[in-house]
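Peer 1: Handing you a structure now.
The values are calculated or read from the model by the stated rules, or taken from the named source; none is laboratory data. Source: prediction; values computed, not measured. Cβ placement follows ideal geometry from the backbone for every residue including glycine, while neighbour counts extend to all protein chains displayed.
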C-alpha cells in the first residue's frame, strides 16, 4: 500500500497527462459516434451507432473518475498519512560517499534559535511560525491561519487546537508542502465554546520525528 501511495504521488503529473490525452481521443470518438448515430437511418445501423456512443461515454466517465480519485488521494488523503507512508525516498546507492546530515538533536537546536516572538512558545521566524492570528488576539468564525513552514529535512505539518491548560489536541488540517510567509490553512471556530485556546503548528521531519511545536494563545469570542 505504501508503494502504491508513493507511485501516485511521484507520477501525479504524468497520470494527469495520460488521462488528458486519453480523454481527447475518447471525446473525439464520442463525437464521431454521436454524429453517426444522428445520421443513421436504418434500425440496426442506429443501434450499432448508439452502442458506440454508450461505450465512448462510459470510457469518458471512467477517465474522469480516475482523475478525481487521483486528485482526492494526493490532496486530501496523503497529507494526513504519516510521513513514512508517502515520503518519496530514493534507492540507496552503496557506491556513493556518505554525506553527513543534521541529527535530530542538531536540528532541534537549530530550531531553538532565534527566540520565539513574545506570547508564543517555540515559534521560529523563517522556519516554524504562526504570523496570523497574533498571540493573544481574539478570533471569531472562520479565520485564515498564516505563517511559515520551511525546515531542513521537511516531512509534513499539521495545525491543531486545544483548550487553555488542556493537553488534548484536535487536528484541524495538515499539509505536505513548505510554506513561506503564506496561508497555512483555515480554522472554523464557530462551533467552539467561547474562551481561551491554544493554537499550535507542528512539523514532522522526513524521519518521522516531531519538532518543537509553535504554540500561541488565542481567545475565541462568541459569534455576533
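This table checks each residue for (1) assigned to a strand (DSSP E or B); (2) within 14 Å of the chain's Cα centre (by Cα); (3) at pLDDT 90 or above; (4) surrounded by fewer than 12 Cβ atoms within 10 Å (Cβ to Cβ).
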site	(1), (2), (3), (4)
156	yes, yes, yes, no
161	yes, no, yes, no
184	yes, yes, yes, no
191	no, no, no, yes
196	yes, no, yes, no
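Yes/no matrix, rows are residues, columns are (1) modelled with pLDDT of 90 or more; (2) over 15 Å from residue 55 (Cβ atoms); (3) surrounded by 12 or more Cβ atoms within 10 Å (Cβ to Cβ); (4) in contact with a strand residue (DSSP E or B) (Cβ under 9 Å, 6 or more places away or on another chain):
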position: 3; (1), (2), (3), (4): no, yes, no, no
position: 6; (1), (2), (3), (4): no, yes, yes, no
position: 10; (1), (2), (3), (4): no, yes, yes, no
position: 13; (1), (2), (3), (4): no, yes, no, no
position: 18; (1), (2), (3), (4): yes, yes, yes, no
position: 21; (1), (2), (3), (4): yes, yes, no, no
position: 25; (1), (2), (3), (4): yes, no, yes, no
position: 37; (1), (2), (3), (4): no, no, yes, no
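Peer 1: Check residue 86 against each of (1) at pLDDT 50 or above; (2) surrounded by 13 or more Cβ atoms within 10 Å (Cβ to Cβ) and name the one condition it does not meet.
Peer 2: So residue 86 meets the others, but not (1).
Peer 1: Tally up the residues in region 129-154 that are under 18 Å from the mean Cα position of the chain (by Cα), without any contact (Cβ under 8 Å) to a residue 40 or more places away in the chain and assigned to a strand (DSSP E or B), please.
Peer 2: The number of residues fulfilling the criteria is 2.
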